[in-house]
Amino acid sequence: MGALLDSFREAFGESLATARTSMCGPSNELLPARQAALDALLADGLPGPREEAWKYTSLRALERRAFAPADAAPPAFDPALLAGIPAPRLVFANGRFDPGQSDLSGLPAGASVEALSQVLASGEPRDANFLARRYERRDEVFARANAALAEDGAVVRIDAGVRVEAPLHLVFVGVPQAGDRAWHLRHFIDLRNDAALDIVEHQLSAGDHAHLANEVLHLHAGQRARVRHARVQHDAARATRFARTDAVLAREAQYRRFDLELGAALSRHELNVRLEGDGAVLTANGVLLGDGRRHVDTRLGIEHIGRNTACELLWRGIADGRSKVVFHGGIDIRAGADGTDAALSNKNLLLSAEAEIDTQPVLVIDADEVKAAHGATVGQLDANALFYLRSRGLPEAQARRLLTVAFCREPLLALGDEGGEDGLRQLLLARLDAALAAALGAGDGA
């Protein structure tokens with residue numbers, strides 16, 4: 001057994017010995033599900049390159065590493081890191097809820113936001129029954145680890161008809177500490193019928209570290225619910241992050257999201273969305289940026305189940321240096337999902353001869369009367385456009401950066417700007433531009 005799995009097993013035993021109620025609640029009703037998840041994880045081990053879902057992302061080096069559990073209390077970090085992130089916000093540092101940095105003021109009646117650790121301590125197991133979900137496939141290795149080890153996270157419940165005007169910010173900070181740490185966060189976001197919520201996830205680093213973060217987020221959108229969800233993942237260059245989002249949309253629900261993946265040493269995000277209700281709509285766009293030696297992996301699994309559902313997926317990838325960018329875009333139109341309208345576009349730029357991009361668009365159709373399209377490309381900057389900018393007096397480095405920024409902005413601009421007075425789109429554009437400037441260089445005063 002590899003060192004990584006050994007450290008997960010030891011973390012499970014340590015958590016039960018020292019803080020059983022924090023993992024399973026005072027009644028311990030979740031313990032069997034926790035134990036089953038750990039047993040399955042240890043029995044199957046980590047997936048290898050023959051596992052299709054992990055074909056382009058090797059875990060061999062990670063398997064040899066061991067991680068100590070995060071400390072019981074959140075470590076301190078400079079509050080300046082949170083500048084520009086207003087309330088309401090829920091903050092976690094190295095996987096632990098940080099009440100001192102959190103601020104939940106401004107939430108309306110009918111909107112409940114708590115840390116999972118608070119929910120487990122309350123003694124009502126039904127409020128945390130999402131922790132009992134089973135993961136049957138061997139390739140769901142980190143979801144199994146999360147099911148066994150998660151002790152904290154965000155639990156958000158919005159009552160029917162409640163519209164939360166200000167975006168809810170969920171902030172996850174990796175803080176340097178002695179030794180490599182691992183934490184597992186489980187989030188649950190539930191919107192009842194006709195509710196509305198904007199969510200902004202900030203996955204940030206307070207300094208250089210080599211920790212491992214493993215997060216699973218469940219999102220349920222009731223009938224006619226509206227969710228806008230932005231996620232900025234910007235970890236330390238030596239960090240490891242595994243993230244998974246499982247969303248279920250009811251009739252006429254709308255889920256609109258944008259992911260800005262700026263990488264880590266190894267980062268992987270799995271976005272799974274089930275459009276179960278008739279007329280449900282998903283817009284999921286994103287940018288993957290690999291530089292240095294970062295490995296950035298994103299995997300979409302979209303299932304159309306209800307009738308007259310729609311999804312639009314617009315993703316852009318950039319690989320520079322010796323980085324590797326992996327994208328899998330899967331759309332499955334189930335039998336009976338007539339009237340589906342599905343579109344996937346994944347375009348990628350290779351900026352270095354030593355970088356690598358692997359893209360897999362997959363479309364499965366088992367229904368009649370559907371409209372579906374998918375496509376993927378990998379190429380370099382347009383030579384004619386580059387020549388045009390050079391002929392207008394721009395230095396080469398500045399011209400290359402300008403074209404790259406324009407290429408990356410397209411998915412974000414396609415999201416529109418309704419409700420844009422909250423500055424959400426401006427925030428994401430600023431983060432994207434800053435990341436590109438750092439990765440590609442400012443270039444002659446750009």
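Taken along the Cα-to-beta-carbon direction at a fixed 7 Å, the label points for A385 and R60 span 3.7 nm. Highest GNM mean-square fluctuation among L429, L149, L116, for the chain modelled with Cα contacts below 10 Å: L429. 3J(HN,Hα) along the range 189-199: 10, 10, 10, 7, 4, 6, 7, 9, 7, 9, 10 Hz, from the Karplus curve 6.51 cos²θ - 1.76 cosθ + 1.60 with θ = phi - 60°, whole Hz, x for Gly and Pro. Here the gap between A43 and E14, fully extended at 0.36 nm per residue and compared with their Cα-Cα distance, gives a gain of 8.5 nm. Would the chain count as rounded, prolate or oblate if I go by the C-alpha gyration tensor, calling it rounded below 1.5 in a/c and otherwise prolate when a/b exceeds b/c, oblate otherwise? Verdict is rounded for the chain. Mean sequence separation of contacting Cα pairs (under 8 Å, at least six apart), scaled by the length of the range 252-406, corresponds to a relative contact order of 18 percent. The range 274-293 and the range 360-418 have Cα centres lying 16 Å from one another. If we count every other residue with Cβ under 10 angstrom of E215's Cβ, Lys/Arg +1 and Asp/Glu -1, where does the sum land? Neighbour charge sum, excluding E215 itself: +2.
Charged neighbours of V378, selected by a Cβ distance under 13 Å, balance to +1 (K, R count +1; D, E count -1).
The residues of the chain expose on average 39 square angstrom of accessible surface per residue, using a 1.4 Å probe on protein heavy atoms. Taking other residues whose beta carbon is less than 9 angstrom from the beta carbon of R257, and scoring Lys, Arg as +1 and Asp, Glu as -1, yields +2.
With both labels modelled 7 Å from their Cα along Cα-to-Cβ, the A72 to E165 distance reads 4.2 nm. Potential lengthening of the chain between E52 and I365 amounts to 110.7 nm, from the contour at 0.36 nm per residue minus the alpha-carbon distance. When the Cα gyration tensor is reduced to axis lengths a ≥ b ≥ c, the ratio a/c is 1.5 or higher for the range 78-177, and with a/b not above b/c it is classed as oblate. What longest region of the chain stays clear of trypsin sites (Lys or Arg not before Pro) that DSSP places outside H, G, I, E and B and that have at most 11 other Cβ atoms within 10 Å? Here the longest segment lacking exposed loop sites spans 65-391.
May I ask you to list the residues of the range 155-172 whose amide nitrogen lies under 14 Å from a point 7 Å from Cα along the Cα→beta-carbon direction of S112? Residues 155-160 qualify, since their backbone N sits under 14 Å from the label point. For the chain, excluding the exposed loop sites themselves (GluC sites (Glu not before Pro), DSSP loop, at most 13 other Cβ atoms within 10 Å), the longest remaining stretch covers 166-353. Here the spin labels are modelled as points 7 Å beyond Cα on the Cα-Cβ line, and at A87 and E124 they lie 2.4 nm apart. Counting only protein heavy atoms and a probe of 1.4 Å, the accessible surface of the chain is 48% carbon and sulfur.
The values are calculated or read from the model by the stated rules, or taken from the named source; none is laboratory data. Here the structure is a predicted model, which means the values were calculated and not measured. FYI the Cβ positions are ideal-geometry reconstructions off the backbone, even for glycines, and counts take in every protein chain you see. Protein only, heavy atoms only, side chains kept; ligands, DNA and RNA dropped before computing areas. Shrake-Rupley method; radii C 1.70, N 1.55, O 1.52, S 1.80 Å.
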